[in-house]
Structure formats: C-alpha cells, structure tokens
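The values are calculated or read from the model by the stated rules, or taken from the named source; none is laboratory data. Remember, predicted model here, so these are calculated numbers, not experimental data. Here the Cβ positions follow ideal geometry from the backbone for every residue, glycine too, while neighbour counts run over all protein chains shown. We work out accessible area using only protein heavy atoms, side chains counted, and drop any ligands, DNA or RNA first. Shrake-Rupley method; radii C 1.70, N 1.55, O 1.52, S 1.80 Å.
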Amino acid sequence: MKNLPLSLAAGLALGFTVSCQSNPTSKETSSTPDAPAATQPVANFPAPLPLTAVDLKLGVAEQTPREGYLQVVSAKALKAEPMQLRLPAMWQSDPDRADIVKDAPGYRISYEAVLQWLPQGFGRQPVPASLPLYSPNGRDTLASFRVGGQNLNVPGRERYDVTPIQPRKPLTVRGTLYAFLGENEQKQPALVVYPYRGRAGGFDDSFKKVLLPISQ
C-alpha cells in the first residue's frame with residue numbers, strides 16, 4: 001500500500017475542506033454547501049482498504065461534539081472507497097512552485113456506529129426522556145452529529161436524519177468519514193482523519209491530529 005509521505009502526513013494539522021470524487025470521468029454534485037467536487041484519474045487512487053484493517057472509533061468521535069456528551073461505543077466500516085482528496089490551501093506544497101501538490105490519496109468510508117448520549121448541563125432540571133439526534137445524511141457532507149438544539153434542516157434540503165435518542169441508551173447510526181492515507185511517527189501505515197472539530201474556526205489550541213493505525 002502506497003503511503004502519503006511522512007512530511008505531508010505530519011503537516012495535516014490544520015483545518016481544511018475535502019474535495020472528493022468517486023467517478024473518475026465526471027464531476028460529482030451535491031445540494032450540501034460543504035461538498036466540493038473534483039475529477040481525478042483512477043491511477044492516483046490508493047489501494048483498496050480492508051474493512052477490518054482500521055478501528056474507526058476515534059475517527060467517528062471527531063464527528064461528535066467536543067464537549068463529550070455523545071460517546072462512540074463502537075464503529076465498523078461498511079465500505080471504503082479509494083479516491084483523491086483535495087488538500088486545503090494551507091496543507092498544499094509551496095504555492096510558489098510549479099509542481100504544487102493539491103491532492104492526496106484517501107478514502108470515503110461508510111460506517112455503522114453505536115452512539116450513547118450522556119446528559120450534561122441540566123443542573124437541577126430533569127433530564128428529558130429523549131432529545132433529537134441530528135445525523136448527517138449527505139454522502140459528501142462534512143457535517144457532524146449533534147444532540148438537541150434548533151432543527152438543522154431546511155425544508156426541501158434535509159441534510160440531517162432526525163432520530164430520538166434516550167439518555168445512556170445505545171443507538172445505532174450510519175455515517176461517512178473522510179481520511180487521508182499516511183503514516184505515523186514510526187512510519188507505520190495509518191489514516192489521517194479529516195479534522196472535523198477544527199474545521200469551523202480553521203484551527204485552534206484544542207486541535208489535534210487523529211491517526212488511525214492500519215493493521216497489516
């Protein structure tokens with residue numbers, strides 16, 4: 001399996017927008033505003049990723065609120081689509097050079113996960129019997145899970161599935177995770193998870209690079 005160079009993998013520490021393509025001959029379109037499109041040759045796609053080669057729990061956790069009230073109990077890959085993912089400008093190679101690297105090999109991973117809501121911040125108020133769980137349903141959306149609050153859907157452009165979630169009761173959901181192909185400090189193959197939590201503000205002191213080891 002061809003790995004992303006360590007220097008590039010080590011640089012994956014800032015917020016960015018993923019651009020991906022599953023059909024090498026045509027551009028993908030989506031109604032979601034954070035679903036860019038790109039056309040890449042099949043020859044640049046990474047090797048197939050065995051579904052049991054990666055533990056996705058830490059990756060899916062990046063799609064949950066950083067406050068920690070939505071816990072990932074388990075996660076398993078259903079499908080891993082090799083593709084080229086567009087690097088953000090700040091992660092691309094020197095823009096003053098003619099051979100600038102704008103894309104890197106990675107995967108669109110469809111998964112099934114079990115989530116558990118751990119109520120926080122209610123004080124002396126009774127904990128609701130249930131709250132709506134907003135689960136991103138777009139194939140190319142970069143949105144994350146959320147519990148409660150204002151309805152995130154716009155009529156006619158429903159980007160989230162809404163399911164009641166009960167306190168401390170496991171709930172099975174499905175989602176999509178993006179990750180680059182890279183390696184860890186020991187030069188072992190790993191997936192570099194798209195930094196969902198660092199995306200909105202670009203980057204901050206709480207951002208950390210999340211690596212998922214790939215078993216041999």
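For the list (1) loosely packed, with under 13 Cβ neighbours inside 10 Å; (2) at pLDDT 50 or above, I need the number of the one condition that Leu49 fails.
(1)
Are any of the residues in the stretch 90-106 part of a strand (DSSP E or B) and modelled with pLDDT of 90 or more?
Yes, that holds for at least one residue.
Quickly run through the stretch 63-89 and pick out the residues that are surrounded by fewer than 15 Cβ atoms within 10 Å (Cβ to Cβ), modelled with pLDDT under 95 and not in a loop (DSSP other than H, G, I, E, B).
Of everything in the stretch 63-89, just one residue is surrounded by fewer than 15 Cβ atoms within 10 Å (Cβ to Cβ), modelled with pLDDT under 95 and not in a loop (DSSP other than H, G, I, E, B), namely Ala89.
Pick out the one residue from Leu181, Leu171, Leu133, Leu212 that is over 18 Å from Leu70 (Cα atoms), at pLDDT 95 or above and of a type in the set (A, V, I, L, M).
Only one candidate passes the filter, namely Leu212.
For (1) modelled with pLDDT under 90; (2) aliphatic (A, V, I, L, M); (3) over 20 Å from Glu81 (Cβ atoms); (4) in contact with a Leu (Cβ under 8 Å, 6 or more places away or on another chain), each residue gets a yes or a no:
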| residue | (1), (2), (3), (4) |
| --- | --- |
| Gly175 | no, no, no, no |
| Pro189 | no, no, no, yes |
| Arg197 | yes, no, yes, no |
| Ser206 | yes, no, yes, no |
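Considering only the stretch 141-155, state which residues are open to solvent by less than 80 Å² (accessible area, probe 1.4 Å) and free of Cβ contacts under 8 Å to residues at least 24 places away in the same chain. First the steps, then the outcome.
Narrowing the stretch 141-155 to residues open to solvent by less than 80 Å² (accessible area, probe 1.4 Å): 141-149, 152-154.
Result: Gly148, Gly149, Leu152, Asn153, Val154.
Would you be able to tell me the number of residues in the stretch 119-140 that are of a type in the set (Phe, Trp, Tyr) and open to solvent by less than 50 Å² (accessible area, probe 1.4 Å)? Lay out the reasoning, then the answer.
If we filter the stretch 119-140 for residues that are of a type in the set (Phe, Trp, Tyr), which is where we start, we get 122, 134.
If we keep only those that are open to solvent by less than 50 Å² (accessible area, probe 1.4 Å) as well, we get 134.
The qualifying residues number 1.
State which residue is most open to solvent (accessible area, probe 1.4 Å) when the search covers only the stretch 53-62 and only residues that are of a type outside the set (Lys, Arg) and modelled with pLDDT of 95 or more.
Taking the stretch 53-62 as the starting set, the residues that turn out to be of a type outside the set (Lys, Arg) are 53-56, 58-62.
Then keep just the ones that are modelled with pLDDT of 95 or more; that gives 53-56, 58-61.
Details: Ala53: 10, Val54: 17, Asp55: 97, Leu56: 2, Leu58: 112, Gly59: 0, Val60: 0, Ala61: 25 Å².
Only one residue tops the list, namely Leu58.
What number of residues in the stretch 156-185 are open to solvent by less than 40 Å² (accessible area, probe 1.4 Å) and of a type in the set (Asp, Glu)?
Of the residues in the stretch 156-185, 1 are open to solvent by less than 40 Å² (accessible area, probe 1.4 Å) and of a type in the set (Asp, Glu).
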